[in-house]
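For reference, the structure discussed in these notes is given below.
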Amino acid sequence: MKSFWNFLFQKNADRIYAVASEDNVNMGYWLDKHLKNNFPEIEKGCCVANIASAAAFNINGERVYGSTMAADSTFFEMFSYDLVEGNKADWLVSWDRCMVSREFANAHFSDKDPLGQIISFNYEGSFQLTVCGVYEDFGNSILKAPDVLIRGDIMPKINSSHDEYMSNAGGGVCFVMTYPGADLQARQSDILDWCEENFWVYKSQYDNVRLIPLRNMYFLDDGNKDWTETIQFGNRSFVNLLLAMCILLLAFAVLNYINMTTALTGFRAKEMATRRLVGADKRSIFLKVISESTLICGISMLLAILLAEALCPAVSRLLEYQVSIFKAVTPVNVLLVLGFIVVLGVLSGIVPALLIQQAQPIEIVRGTLRLKTKTVYSKVIIIVQNVVAVVMLVSALTMGLQIRHMISADLGYNTKDILVVDNAFGQTGQIRPLLDRLRTEPCVEEVGQGDGIPLGGTNNWTMEMPDGHWVSFQQIQGDDKYFDILGLKIKQDNHQRAYWLNEYAFKQIGIEETATEFQTAQAGTRQIGGIYYDFKIRPLEADQSAAMIFNHGEYPDDNYPWVLIVKTTGDQAAAKKLPMKAGC
């Protein structure tokens, strides 16, 4: 199945590939540039990366927040996004150019032209950026639409690990575009050889490189983890499940209509017999019944469209994808809907139409037609309806039990009444007034600071062991209150100021839990502060991960926590409004 977005307007979709590892789509910031320099099939490369869901900007002395994405200068040459204002050539001028969405521009530049305005981007430093364009929301896109799009050249400036050695192996999503007619898939093994020779993570962790066509990205089934949250993936199984449920409901409705109209055949037959007496032929009677069912389908479709549009916000949240029926109205789609109404009208009306058309006047007089429809046709349809109803009920019950299991699954730490707020507000010293204000709220029990939460994945730290194998650790870091709120369970305290490990990490390293230190090939001896019982890291379906855990105690003022976790109590409705109330 092709992505709706790629199919509609990405002119270069057939030439664009994402270069990905075997289990996720993230690569180093410089990879696309290295590949372009080493493989002549590649015309352009572009790294795209989500920087923050709520980065801080200063606009005319006012502090505002907006989701922020970085992309290289080639972005608009590879991808087909149109501007509302500005010129794409201005995007190429300098690293300090940025573009904003129409919604962001209307909110913060409503009284002036946004083009040429200087905004201050405050993220691991302060950068003065010039607005050079305004774009519409990306719409049906695999890229999550940002409020502000900045040049990728800033990435090494805000994080030195985005260097040409790709010290950060997962800084963004690497896209490359081939020359027309070039076969990049034929060079896959050569690209893997280059990565194994030049990319450190391929020397330690990965054995495969994937070249994913852009058209296949949205419904990518395997290896679709994106730790930067740049890509908006679709769940093929979930969509197919919803489609199957819709088809079942539609079939149920059609069968119900057929059953009701068949039950009324005896009454309608007298009407049709009278029409026959005044000159109507079988064909006109057949078409009349079909036209009636088609008209009912048309009215039902209109009501369904209005109801679907009203439910679009809820469906968008469910699918994590912006859905709008009205925005999808095009001449082609209108013709498809009209064709669907005609086909559905014929299917719904053909059975009663055939029964009435083939009825003999003598059957109508005797009443045997009505008896036949009630004893034969209705029973068959009712049996089919009951089978469909049972199947739907069993499916719904199974889904409900599975969802209940996922919701109530034990993660190894607390999840009830906890809000997670992305920190785009500054370092610990800068956000202390915010923390104090949150703690004064009656529905807040405590506020902690940390680098992400276990279920969402945190920072990755990969180490080589003396025997040559590599271990990938998830770093869980926070202050005292962070660990108190989550309630991670301690198994053993070694009374050393060092990183603690979870149980699974000892198995990965290959040491006993009695050990108080372990050896690495590059960093030498590392002390073990203690042991935590295993807890769930990353999504529920993922395998267990090794973890290195560090409790900072009290966060120093110059630390930049990724998230604030808020333990709430009492009025949950009021608690959910806390971020807005506190000016988050």
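The values are calculated or read from the model by the stated rules, or taken from the named source; none is laboratory data. All of these numbers come straight from a predicted model, not from anything done at the bench. Glycine also receives a Cβ, built like all others from the backbone with ideal geometry; neighbour counts cover every protein chain displayed. We work out accessible area using only protein heavy atoms, side chains counted, and drop any ligands, DNA or RNA first. Shrake-Rupley method; radii C 1.70, N 1.55, O 1.52, S 1.80 Å.
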Being under 12 Å from Val566 (Cα atoms) and either among the aliphatic types (A, V, I, L, M) or modelled with pLDDT under 90 (or both): is that true of Asp467 here?
no
Taking region 93-109, which residues are open to solvent by 40 Å² or more (accessible area, probe 1.4 Å) and within 15 Å of Gly66 (Cβ to Cβ)?
Arg102, Glu103, Asn106, Ala107, His108
Which condition from (1) more than 15 Å from Pro146 (Cα to Cα); (2) free of Cβ contacts under 8 Å to residues at least 12 places away in the same chain; (3) not acidic (Asp, Glu) is the one that Trp95 breaks?
(2)
Select from region 98-157 the residues that are modelled with pLDDT under 90, of a type in the set (Ser, Thr, Tyr) and under 16 Å from Tyr81 (Cα atoms) and list them in ascending order.
Ser141
Ala253 vs. criteria among the aliphatic types (A, V, I, L, M), assigned to a helix (DSSP H, G or I), modelled with pLDDT of 80 or more and surrounded by 14 or more Cβ atoms within 10 Å (Cβ to Cβ):
yes
In region 425-446, is there at least one residue being in contact with a helix residue (DSSP H, G or I) (Cβ under 7 Å, 6 or more places away or on another chain), part of a strand (DSSP E or B), closer than 25 Å to Ala55 by Cα and in contact (Cβ under 8 Å) with a residue 24 or more places away in the chain?
yes
Tell me which residues, restricted to region 411-453, are within 24 Å of the chain's Cα centre (by Cα), open to solvent by 80 Å² or more (accessible area, probe 1.4 Å) and not hydroxyl-bearing (Ser, Thr, Tyr).
Lys416
Give region 284-303 a look and list any residue that's open to solvent by less than 50 Å² (accessible area, probe 1.4 Å) and among the polar types (S, T, N, Q), or say none.
Ser293, Thr294
Just to be sure I understand, how many residues within region 312-346 are under 27 Å from the mean Cα position of the chain (by Cα) and of a type in the set (A, V, I, L, M)?
8
If a residue has to be more than 17 Å from Thr569 (Cβ to Cβ), in a loop (DSSP other than H, G, I, E, B) and not charged (D, E, K, R) to count, how many in region 405-424 make the cut?
6
Checking the structure you have, find out if any residue of region 512-533 is open to solvent by less than 20 Å² (accessible area, probe 1.4 Å), closer than 21 Å to Thr415 by Cβ and either among the basic types (Lys, Arg) or touching a residue at least 60 places away in the same chain (Cβ under 8 Å) (or both).
no
Residue check for Ala280: part of a helix (DSSP H, G or I) and either of a type in the set (A, V, I, L, M, F, W, C) or modelled with pLDDT of 80 or more (or both)
no
Given Val444, Val390, which one is touching a Lys or Arg at 6+ places or on another chain (Cβ under 9 Å), over 30 Å from Phe506 (Cα atoms) and of a type in the set (Val, Ile, Thr)?
Val444
When residues of region 38-76 are filtered for being within 12 Å of Asn122 (Cα to Cα) and either aliphatic (A, V, I, L, M) or surrounded by fewer than 22 Cβ atoms within 10 Å (Cβ to Cβ) (or both), how many remain?
10
Right, Phe175: at pLDDT 95 or above and closer than 26 Å to Met69 by Cα or not?
yes
